[in-house]
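For reference, the structure is listed below as structure tokens.
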Amino acid sequence: MIRFYEVKFYTKKSIFLWQKKSANNLKNYHFVKIFLNFPRTYLLKKINKRFMQMIDDGAVKEAQKLKKLRLSSRLNANNVLGLKELITYLNGKNTLDFAIEKSIIRTRQYIKRQMTWFRGQMKDWKDFGDLKQSDLQKKVLNFIRTA
């Protein structure tokens, strides 16, 4: 719905009319669909490391600022992973360690849902799970040349 609104707002046309009148400059290209499917253990380590980095970079202060704004709970901004847990901590209902643990769990659950969706929807995509960037790059380029 946001995209529909943006097109209408900026072009003053419905998205359907805008799509009809917009030229498709991509017809002469061949696209290769690639899915980077990293191992679950790797993703879990990245989730933990990333969330702890967010805490170190001031996520609690950001949550405090958002809390002060008293935004409607229905806004998408309130669905940011970890925000509810950090605000619960700021309200004194749990410890920071508990908020971090719950945030990481919610992020893992989100990743699991994404991976399930990817496996079901991207069956015709080429699946790569290489962790070394140089190996991945070689395999992707080789795949593109042969596609």
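The values are calculated or read from the model by the stated rules, or taken from the named source; none is laboratory data. Quantities reported herein were computed from a predicted structural model and do not represent experimental measurements. Cβ: placed from backbone, ideal geometry, glycine included. Neighbour counts: every protein chain shown.
Need pairs with beta-carbon distance below 7 Å; first residue under 22 Å from I2 (Cβ atoms) and within region 65-86, second loosely packed, with under 13 Cβ neighbours inside 10 Å and among the hydroxyl-bearing types (S, T, Y); sequence gap 6+ or separate chains.
Sorted first by the residue in region 65-86, then by its partner, the pairs are L81/Y110.
Under 6 Å between Cβ atoms, at least 6 apart or on separate chains: pull out the pairs that start in region 3-32 with a residue that is within 30 Å of T146 (Cα to Cα) and end on any residue that is in a loop (DSSP other than H, G, I, E, B).
From residues that are within 30 Å of T146 (Cα to Cα), the pairs are V32/A147.
For region 50-63, how many residues are assigned to a loop (DSSP other than H, G, I, E, B) and on the phi < 0 side of the Ramachandran plot?
Residues in region 50-63 being assigned to a loop (DSSP other than H, G, I, E, B) and on the phi < 0 side of the Ramachandran plot: 1 in total.
So if I check each of F118, F143, F98, which one is part of a helix (DSSP H, G or I), closer than 11 Å to F35 by Cβ and at pLDDT 80 or above?
One residue alone meets the criteria, F118.
Please indicate, with yes or no, whether at least one residue in region 40-48 is under 14 Å from G82 (Cβ atoms), of a type outside the set (S, T, Y), in a helix (DSSP H, G or I) and out of contact with any strand residue (DSSP E or B) (no Cβ under 8 Å at 6 or more places or on another chain).
There is at least one residue in region 40-48 that is under 14 Å from G82 (Cβ atoms), of a type outside the set (S, T, Y), in a helix (DSSP H, G or I) and out of contact with any strand residue (DSSP E or B) (no Cβ under 8 Å at 6 or more places or on another chain).
Is there any pair linking a residue in region 96-122 that is under 17 Å from T41 (Cβ atoms) to one that is aromatic (F, W, Y) and assigned to a helix (DSSP H, G or I), with Cβ under 9 Å and at least six apart or on different chains, and which?
Filtered contacts from region 96-122: I104/F51; T107/F51.
Only one of these is assigned to a helix (DSSP H, G or I), in contact with a Lys or Arg (Cβ under 9 Å, 6 or more places away or on another chain) and not small (G, A, S): L86, L66, L81. Name it.
Answer to the selection: L86.
Looking at the structure I just gave you, is L136 in contact with a Leu (Cβ under 8 Å, 6 or more places away or on another chain), under 26 Å from M1 (Cβ atoms) and surrounded by 15 or more Cβ atoms within 10 Å (Cβ to Cβ)?
Considered against the rule, which asks whether it is in contact with a Leu (Cβ under 8 Å, 6 or more places away or on another chain), under 26 Å from M1 (Cβ atoms) and surrounded by 15 or more Cβ atoms within 10 Å (Cβ to Cβ), L136 comes out as no.
Would you tally the residues in region 50-73 being more than 21 Å from R113 (Cβ to Cβ) and exposed (fewer than 13 other Cβ atoms within 10 Å of the Cβ)?
Residues that pass the stated criteria total 12.
How many residues are of a type in the set (S, T, Y) and loosely packed, with under 15 Cβ neighbours inside 10 Å if we restrict to region 99-133?
Total meeting the criteria: 2.
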